[in-house]
Amino acid sequence: MPTEGLQPQNNKLVQWWVGLFQKLSAPVPTPTDTKTEITDKVDGSASAKDDAKNRLKLVLMHDRTQLSPSLLEDMRDELMEVISKYVEIDKTTMDLCLEQESNTIALVANIQVVRGREATS
Amino acid sequence: MATKTEGRVIVITSGKGGVGKTTSTANIGAGLARMGYKVVLIDTDIGLRNLDILMGLENRIVYNIVDVVEERCKLAQALVKDKRMPNLCLLPAAQTRDKSALTPEQMNSVVSELKKEHDFILIDSPAGIEQGFQNAVAAASEAIVVATPEMSSVRDADRIIGLLETKEEIKNYKLVLNRVRPDMIKANDMMDVDDVLEILSVKLLGIIPEDQDIIISTNRGEPVVLREGEKVPKATLAYRNIAKRISGEDVPFLELETPVPWMEKVKSLFKFGAA
Amino acid sequence: MSAIEDRERVVLVDLSHAESSADAVRQLEAYLDQERSQKRLGAGSRIELNTGDLLLTPGVLAKMTLAIRKLGLSVETLYSVVPQTQQSALDEGLLVRQKPPNYMSIGAPRKFSPEQFINQAYKDLDLPFENLSSPERTAGSEPQEPLTRLSVTLDDGTREEVERNPGLSLGTVFYKQNLRSGQVLEASGNIVVVGDAHSGSEILADGDILVWGFLGGIAHAGRQGNDKSEIRAIRIEAVQLRIGHYIARRPDRLFKLGQAKKHRAPEVARVRDGEIQIYEDIVER
C-alpha cells in the first residue's frame, strides 16, 4: 500500500491521498461500457424468445422421458454410489443432464475421476 | 376436385384450449368447400359446442350428433346445411349432454357413413386428452395439430403428437401455427416458426398471423376465409393456402414480415455504433 | 369454383327509433357509410327498411332509396304503420308491409307429424331429403281438449279471436333460477321460469311456457303437437321457437340502429297464419 510509510500526524492528508487514489483506480464507466449496457438490455428483452425455447426444450425432455428433476437427482445419487465403488470421483463436479440432438434425447453424465480405487488400496 | 373414392377424415386437435381449433376447423372446412369439395364439419365438443356459432348456423340446429347415435333422427336430418355454400354442412354437437354421450365406436359408424358422400370430413376435437379427444380421433386418418407460439401451447401440442403417434389409424399429422405475431418475432420476443418446428419436429401445414379480422368474422358468424375482394386479410389468405395444401397443391408459405418499426431502426443504429 | 351462394343477404335496417325523418336519413347514411368502409355489403345485397311510426314524405323516402341504390344495393321492402309513409313507399315502387317479421319460419304452414315436419323444414333449407323414409316413432298425441277462445289485439289495432288451449288441465312447473347454456328444463305440463333463459338452454313443455325474464335459448311449447300453445317472455330473442309442429329460427342478422325503446311490453309467440309470430303481449281488459 502506498500510504504505509507516512507519519500519523499527516492523518488527514493520508485520508485525502487514499481517497484520491481509490477514485483514480476505480474503473470509470467508459462510453463503450454504457453502450454495452444498453444493447445488453435490448438483448435481454430479446431473449424472451430464447428463454421460452430453452425452458420449453427442458420441460419437453422431462415430459418425453417422464423423468422429473427429482428423479434425475435420485438417479445421480445412485450412479455416484455405483461408480464410487470402482473409481474415486469428484462428487462436487458431477453433472448429469438430458440433452437433445435433433430427434434423440441423450442422458449426459460428466464425471471427474480423481483416481482409480486400486491405486489407493 | 371431387373424387369418387372415400372422403378423407381429418381431426383438428391441440390439447390446450383456446388456441384456435374451432376457428381453424371452420375456416379450413369453408376454404375446402370454397374450392368446390363436399365438406362436412363435425363438432365433437359435446356440452360446449361452438362450431355452430362460428359458422353462423346456431339458429338452424334441430338435431345433433347425439340424436343421431341414439337414433332419434337420421344422420341426414342432423346435418345443418351452410347458408352460403350448398356443398358444406355441419354435424353439431349436443349442448345439453356430456362427453360420455358419445363413444369412439359410434363416432366410427357416423363417419364411415359420411365418408361415402363427402370429400372431406373435418372433426373438431375438444380440448384435453380425455374421452372427447378419444372420440374425435377415433375415426380420423389424418390430424391437424393447432398450436400457438407459446410455451404452454407447444408443450400440450407435443403431448398430443405423442398420443397421435400411438394411434395406428393416424397416417399423418401436420402443424398449424396460429396467432403468429411477426412484430414480436422480429423483436425476438416470441418463438418463431422454425423454433416451434424444431422443438416439435413436425411438418408445417400453415401459419396464421394474429389478425383482428378473425375476431370480427367470429362475431359475425362468417369464417374469415370466405372474405372476398382484392384486399382480404392475411388470415384469409393463410387459411385458403392451408385448404390448397390439404387438397395437394404446393403453395409457398406466406411472408409474414411487417414493416420494421422505428424502434428497431434505433436499436440497429446502436448496435452499429457499439461495433 | 369460388361462387358463393349468398341467399340470405337481406339486411333489415331498423330506423323505427329515429326521432324524426331527418334523423332517420342521418342514421341510414351513417349505417351505409360504415358498411361501405368495411366492405361488408356486397353488390346485390337487399336492404329492407323499418320506419315504424315515422312520417316520411315522398322526397325524404326518395333520398333514402337513392342513397341505398347509389351503393349498388337494392331496396324492395319498407315496413311502416303510417299510411302517408306507406303511400310514399308505394309511389317509390316498394313493397309495403306493416311490421317486419321477428322470426323466420322454417316450418311449413301445413300440419305434419313431428318427423315429417322436420323433413319439410329442411326442404326449405335445401337439404337432401328425397330418399329418406320417415323414421318410426310414435306420433304426437292429439291436441288437448277443450279449446277455448281468446281475443287478441293485433299490431294494426284490430282485434281477432284466436283459438287457444291454455293447457289448464296440465300441471305447471315453477322454476325460480336462471337457466344457463346446456341446461334443459323439461315438463309434461306448463313451465314458468322466473329468471332468464340464456342462449344454449332449452325449455321443453307439453303445455305453455312463460319466462319472467329474457328468453334467449330454445323454447318448445306444446311438444306433443299442440299448435295452440304459447310462449311468453318479457323479451323474446330465442335462437329457436318451437310451438307444436312449427319451428322458427332467429333471423341471421338484424341491425338495430338508434336507441332501443325505453318501455316495451312483454312478448308472446303463437302460431298464426301457418307460422310462428311474435306479438307485444298486451292484455285487454
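Just so you know, all these numbers are worked out from the coordinates, no wet-lab data involved. Computed from a prediction, not measured in an experiment: that's the story for all the values here. Here the Cβ positions follow ideal geometry from the backbone for every residue, glycine too, while neighbour counts run over all protein chains shown.
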With chain B treated as a Gaussian network of Cα nodes joined by springs under 10 Å, which of B:146, B:110, B:19 yields the largest mean-square fluctuation?
B:110
Expected integer from the mean partner chain Cβ neighbour count at 10 Å over B:189-198 is 3
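When B:8, A:76 are ordered from fewest to most other Cβ atoms inside 10 Å of their Cβ, what list results?
The fewest-first ordering by Cβ neighbours comes to A:76, B:8.
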Counting DSSP beta bridges with both partners in chain B, what percentage is antiparallel, nearest 5?
5 percent
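For an R0 of 51 angstrom, estimate the FRET efficiency from the Cβ-Cβ distance between residue C:212 and residue B:165 and round to the nearest 0.05.
Efficiency at R0 = 51 Å is approximately 0.40.
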For the stretch B:1-71, what's the radius of gyration and Dmax over Cα atoms, in angstrom?
13.4, 36
Taking a quarter of the surface of the Cα convex hull of chain B, what do you get in nm²?
15.6 nm²
I'd like the orientation of helix B:151-165 relative to chain B: the angle between its Cα long axis and the longest Cα principal axis, in ° from 0 to 90, rounded to 10.
50 degrees
Interchain or sequence-distant (5+) residues whose placed amide H lies within less than 5 Å of the amide H of residue B:254 are B:207
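Counting Lys and Arg as +1 and Asp and Glu as -1, what is the net charge of the other residues whose Cβ lies under 14 Å from the Cβ of residue B:40?
-3
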By the scheme Lys and Arg +1, Asp and Glu -1, what is the net charge of all other residues having a beta-carbon under 14 Å from that of residue C:181?
-3
Using a Förster distance of 25 Å, the FRET efficiency for residue A:91-residue A:68 (Cβ separation, nearest 0.05)
0.70
From the backbone phi of the stretch B:63-74, what are the Karplus-calculated ³J(HN,Hα) couplings (6.51 cos²θ - 1.76 cosθ + 1.60, θ = phi - 60°) in whole Hz, Gly and Pro given as x?
10, 9, 5, 5, 4, 5, 6, 8, 6, 8, 7, 7
Among B:194, B:119, C:227, A:63, rank each residue by its count of other Cβ atoms within 10 Å, from fewest to most, as a rough exposure measure.
B:194, A:63, C:227, B:119
So, over other residues within a Cβ distance under 14 Å of residue A:92, counting Lys, Arg +1 and Asp, Glu -1, the net charge is -2
Return the average number of partner chain Cβ atoms within 10 angstrom of each residue Cβ along peptide C:236-245.
1
Can you give me the distance in nm between label points at residue A:54 and residue B:215, each placed 7 Å from the Cα along the Cα-to-Cβ direction?
3.4 nm
Per-peptide average of other Cβ atoms within 10 Å, ordering B:219-228, B:173-182, B:37-46 highest first:
B:37-46, B:173-182, B:219-228
Work from the charge dipole of the stretch B:40-117 (Cβ charges, +1 for Lys and Arg, -1 for Asp and Glu, about the Cα centre) and give the residue of B:54, B:88, B:77 farthest towards its positive end.
B:88
Under the definition of partner shielding as Cβ atoms of other protein chains within 10 Å of a residue Cβ, what is the mean value for peptide B:69-77?
4
Shape of the stretch C:177-256 from its Cα gyration tensor (a ≥ b ≥ c, root eigenvalues): rounded if a/c is under 1.5, otherwise prolate when a/b > b/c, or oblate?
oblate
May I ask you to derive the FRET efficiency for residue C:62 and residue C:188 from their Cβ-Cβ distance with R0 = 60 Å, giving the value to the nearest 0.05?
0.60
Pairs from B:38/C:70; B:99/C:228; B:83/B:231; B:16/B:74; B:115/B:244; B:74/B:203 whose Cα-Cα separation, in the structure shown, is over 28 Å
B:38/C:70; B:99/C:228; B:16/B:74; B:74/B:203
Pull out a ≥ b ≥ c, the square roots of the eigenvalues of the alpha-carbon gyration tensor of the stretch B:147-220, then state rounded if a/c is under 1.5, prolate if not and a/b is larger than b/c, and oblate in the remaining case.
oblate
With +1 on the Cβ of every Lys and Arg and -1 on the Cβ of every Asp and Glu, and nothing else charged, how large is the dipole of chain B about its Cα centre, in debye rounded to the nearest 20?
540 debye
